[in-house]
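Shown next, in structure tokens, is the structure this report addresses.
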Amino acid sequence: MASSSKAPSSRRSVFDAVHIRSEFSAAGISAHFIPLIWKYVLQNPRCSDLDGVPSLPAAAYALLRQKFRPTTSTLTAAADSKDRTTTKLLICLQNGESVEAVVMRYDTRLGKYDGKPRPGGVRSTLCVSSQVGCKMGCRFCATGTMGFKSNLSSGEIVEQLVHASRYSQIRNVVFMGMGEPMNNYNALVEAIGVFTGSPFQLSPKRITVSTVGIIHGINKFNGDLPKVNLAVSLHAPDQDIRCQIMPAARAFPLGKLMNALQSYQNESKQTIFIEYIMLDGVNDQEEHAHQLGKLLETFKAVVNLIPFNPIGSSSNFKTSSDQNVKNFQKVLKGIYRIRTTIRQQMGQDIAGACGQLVVSLPDERSAGGATLLSDIEDLRI
Ligand code: SAH
Ligand code: SF4
């Protein structure tokens, strides 16, 4: 097994949607069978072949055997946070590289809704990776410090949902794991196409793509992915600070980015989610909150303030004090009437929090009380 996961294989993932459709079409097999194959793999995630898929034409079995694998990636480990709300999955790709995906569980019954306990129960969000590493080099981001290694195929993106579905029923997907999704745009669009179709049937409203601000991607986003949420990692209200902490801001200047976002919103009528990492003394002062408030004046936006997760010795940044985060929120809400939330920290003890996604599971055997599970069946939820 280990050698086959590293050896380059010409067989592709059945979840590479464009590829399987074109192979089926060339062989004269109806594309209607494809969701049945996906459903089978979803229900039998450890199957090694596709011979057990019921009711396919004979030619389809032969084609599948020759050209496809049920999954090309392998779930190699899972770490569960102490409070069990977060599970980090380590997934080995066909090229031998690894990525991480994180399952976060929220119990909706714990909050109050209209004065009563909320309806529903545990709902899970899956945070997926789109690249191995990232070339954008944001200074506060663990993935950014790795540099860019490779793009995931659309099938590899979808397979993260297949692996995660063994743990929890996933209702939401966020592209906030490793990589910049807009730099792997075709695979992003293709994977979301699969997520929203049979058998996954996720609502596009429950999918969020987070971008550092790749303008040409934002310009196409509404046309290709209507109703999917767009989150933008703004992180600073002016071009200078943005350039200091995010080198990509030089190629995608703030003024042009805001224009692209305005056009996107005029066209899509969608709320834009603004991510803003709180870095002590860098971008967390009251004046920055005022600048941000003014910058967003013409937008329907929700700001999500993200406490900085320390990424180890290579970083000079510190997390903002709770007081600064609260003051920042107060200015945005009180003066500019902008809905502003503070991101709930999850999974810090297993480095499963945002920006900590850099493959490091083996080092965590003794860290922070996280449990390293070699077999998924050990995990009881
Ligand atoms: N490349 C995309 C999506 C992946 S990063 C983007 O940058 O938006 C997902 C989110 O985690 C981004 O908002 C990113 O800025 C944030 N993030 C990165 N490093 C972080 C850290 N150390 N602490 C908190 N958030 C971080
Ligand atoms: Fe890449 Fe996003 Fe990390 Fe920046 S924050 S380096 S864009 S993954």
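Descriptive notes on the structure:
- Where THR145 falls short, out of the listed (1) in a helix (DSSP H, G or I); (2) within 12 Å of ligand 2 (Cβ to nearest atom); (3) within 30 Å of PHE299 (Cβ to Cβ): (3)
- Scanning segment 210-254 for residues that are touching a residue at least 40 places away in the same chain (Cβ under 8 Å), among the polar types (S, T, N, Q), closer than 28 Å to GLU286 by Cα and part of a helix (DSSP H, G or I) turns up just one, GLN244.
Matching residues to (1) in a helix (DSSP H, G or I); (2) in contact with a strand residue (DSSP E or B) (Cβ under 7 Å, 6 or more places away or on another chain); (3) farther than 20 Å from SER98 by Cβ:
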position	(1), (2), (3)
ARG166	no, no, no
MET178	no, yes, no
ASN184	yes, yes, no
ALA187	yes, yes, no
ILE192	yes, yes, yes
GLY197	no, no, yes
PHE200	no, no, yes
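- One residue from ILE215, ILE245, ILE241 being at pLDDT 95 or above, among the hydrophobic types (A, V, I, L, M, F, W, C) and either under 22 Å from ALA191 (Cβ atoms) or under 19 Å from the mean Cα position of the chain (by Cα) (or both): ILE215
- Leading residue by the ranking (most open to solvent (accessible area, probe 1.4 Å)) among those in segment 197-211 that are under 15 Å from the mean Cα position of the chain (by Cα) and more than 16 Å from ligand 2 (Cβ to nearest atom): LYS205
- So ASN222, is it closer than 14 Å to PRO181 by Cα and among the polar types (S, T, N, Q): no
- Contacts under 8 angstrom Cβ, first residue in segment 34-53 being under 15 Å from HIS163 (Cβ atoms), partner assigned to a helix (DSSP H, G or I) and open to solvent by less than 30 Å² (accessible area, probe 1.4 Å), 6 or more apart: TRP38/VAL194; VAL41/VAL162; LEU42/VAL162; PRO45/VAL162; PRO45/HIS163; CYS47/VAL41
- Scope segment 212-222; condition away from ligand 1 (no atom under 16 Å from the Cβ) and surrounded by fewer than 18 Cβ atoms within 10 Å (Cβ to Cβ); matching residues: ASN219, LYS220
- Count of segment 15-47 residues, restricted to those that are under 27 Å from the mean Cα position of the chain (by Cα), more than 22 Å from VAL189 (Cβ to Cβ) and in a loop (DSSP other than H, G, I, E, B), is 4.
Residue by residue, here is whether (1) more than 16 Å from ligand 1 (Cβ to nearest atom); (2) assigned by TED's automatic domain parsing to the domain that holds ARG343; (3) small (Gly, Ala, Ser); (4) more than 25 Å from LYS205 (Cβ to Cβ) holds:
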| site | (1), (2), (3), (4) |
| --- | --- |
| GLN265 | yes, yes, no, no |
| GLU275 | no, yes, no, no |
| MET278 | no, yes, no, yes |
| ASN283 | no, yes, no, yes |
| GLN291 | yes, yes, no, yes |
| THR298 | yes, yes, no, no |
| ASN304 | no, yes, no, no |
| ASN309 | no, yes, no, yes |
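- So TYR106, is it at pLDDT below 95 and under 17 Å from the mean Cα position of the chain (by Cα): yes
- Restricting segment 226-252 to residues that are over 25 Å from PRO204 (Cα atoms) and more than 16 Å from ligand 2 (Cβ to nearest atom), the residue that is surrounded by the most Cβ atoms within 10 Å (Cβ to Cβ): PRO237
Table: residues versus (1) outside the structural domain of SER165 (by TED's automatic domain parsing); (2) crowded, with 17+ Cβ neighbours inside 10 Å; (3) not polar (S, T, N, Q).
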position: GLY28; (1), (2), (3): yes, no, yes
position: ALA31; (1), (2), (3): yes, no, yes
position: LYS39; (1), (2), (3): yes, no, yes
position: SER48; (1), (2), (3): yes, no, no
position: LEU56; (1), (2), (3): yes, yes, yes
position: THR86; (1), (2), (3): no, yes, no
position: LEU90; (1), (2), (3): no, yes, yes
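- Apart from one condition, THR72 fits all of (1) within 16 Å of ligand 1 (Cβ to nearest atom); (2) at pLDDT 95 or above; (3) among the β-branched types (Val, Ile, Thr); the exception is (1).
- Verdict on LYS116 being at pLDDT 95 or above, open to solvent by 20 Å² or more (accessible area, probe 1.4 Å) and either over 17 Å from the mean Cα position of the chain (by Cα) or of a type in the set (Lys, Arg) (or both): no
- Taken residue by residue, segment 323-344 has at least one member that is of a type in the set (Ser, Thr, Tyr), open to solvent by 50 Å² or more (accessible area, probe 1.4 Å) and modelled with pLDDT of 95 or more.
Listed here are the residues, each with its yes/no results for (1) open to solvent by less than 40 Å² (accessible area, probe 1.4 Å); (2) β-branched (Val, Ile, Thr).
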position	(1), (2)
CYS138	yes, no
LEU152	yes, no
VAL158	yes, yes
ASP224	no, no
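The values are calculated or read from the model by the stated rules, or taken from the named source; none is laboratory data. Everything numeric here is computed off the predicted structure, so don't read it as measured data. Virtual Cβ from ideal backbone geometry, glycine too; neighbours counted across all protein chains shown. Just the protein is used for accessible areas: all its heavy atoms, side chains included, with ligands, DNA and RNA removed. Shrake-Rupley method; radii C 1.70, N 1.55, O 1.52, S 1.80 Å.
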